[in-house]
Structure formats: C-alpha cells, structure tokens
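The values are calculated or read from the model by the stated rules, or taken from the named source; none is laboratory data. Only a predicted model underlies this, so the values are computations on that prediction, with no experimental measurement involved. Remember, those area values only see protein heavy atoms, side chains included, never the ligands or the DNA or RNA. Shrake-Rupley method; radii C 1.70, N 1.55, O 1.52, S 1.80 Å.
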Amino acid sequence: MKFFNAICNWLKRIKERSQAACQKRRAKQLENISCKSINVIEFNGRLYIAHDGVPIVRVDGLKTKASDVLAQAREDYLAWRAKFNA
C-alpha cells in the first residue's frame, strides 16, 4: 500500500507542476498578446493609443504619461480577457 501511495503522490506532484507550467505559459502568452494588440501608433501626424492598429485615444490630449495609460490599458485588457475567457 505504501508503494501505491508513493506512486499516487508522485503523479499528483507531476500534475501540479504541469498545471503550474501551463498557467505560467498562458499568462506569458496573454501578456504578449496585450503588448502586440495595444500599443502607440502614429496617425495623421499625431500619436494614438491603438488596439490592433486602430487609433482609439489621442496621446497629446492625455493628462498623464502615455506609457502609464498604455500599461493600464494592457492590464485592463488582460483582466477583461481573463474574465470572459476570450
């Protein structure tokens, strides 16, 4: 019985490590997606925060730094994707 329990515990640890690695890969993948899809672009001589290349918010009209807004937008995008499993 000890041998059986040892095998079960070993398989459980392997499964836990595998799930943790999978979650880590998924988080990295989502981070890469957010960095590619939400960025700053130039359009008609002005800088915009854009989603998938579509200008959304003009940077020069912001009261805060564009880098701060961009980081917050990426974080919010990741939270939205996680909530709706998109």
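Before moving on, here are some points about what is shown:
- Structural descriptor for the chain: relative contact order 19 percent, calculated from alpha carbon pairs under 8 angstrom and at least 6 residues apart.
- Carbon + sulfur, % of accessible area of the stretch 24-83 - ligands and nucleic acids excluded, 1.4 Å: 55 percent
- Helical content of the chain, expressed as a calculated mean residue ellipticity at 222 nm, amounts to -23000 deg cm²/dmol (DSSP H runs of 4 or more residues, -39,500 (n - 2.57) each, divided by residue number, nearest 500).
- Prolate/oblate/rounded call for the chain, Cα gyration tensor, a/c under 1.5 rounded: prolate
- Cα long-axis angle, helix 2-37 against the chain (0 to 90 degrees, to the nearest 10): 10 degrees
- Between Arg17 and Ile33, the contour length at 0.36 nm per residue exceeds the Cα-Cα span by 3.3 nm.
- Under a 5 Å amide H cut-off, with hydrogens placed 1.01 Å from N, Ala50 pairs with Asn39, Val40, Ile41, Ile56 among residues at least 5 apart or on other chains.
- Non-local Lys pairs in the chain, i.e. 8 or more apart or on different chains, that have alpha carbons under 30 Å apart: 19
- Per residue, in Å², the accessible surface of the chain once ligands and nucleic acids are set aside, probe 1.4 Å: 82 Å²
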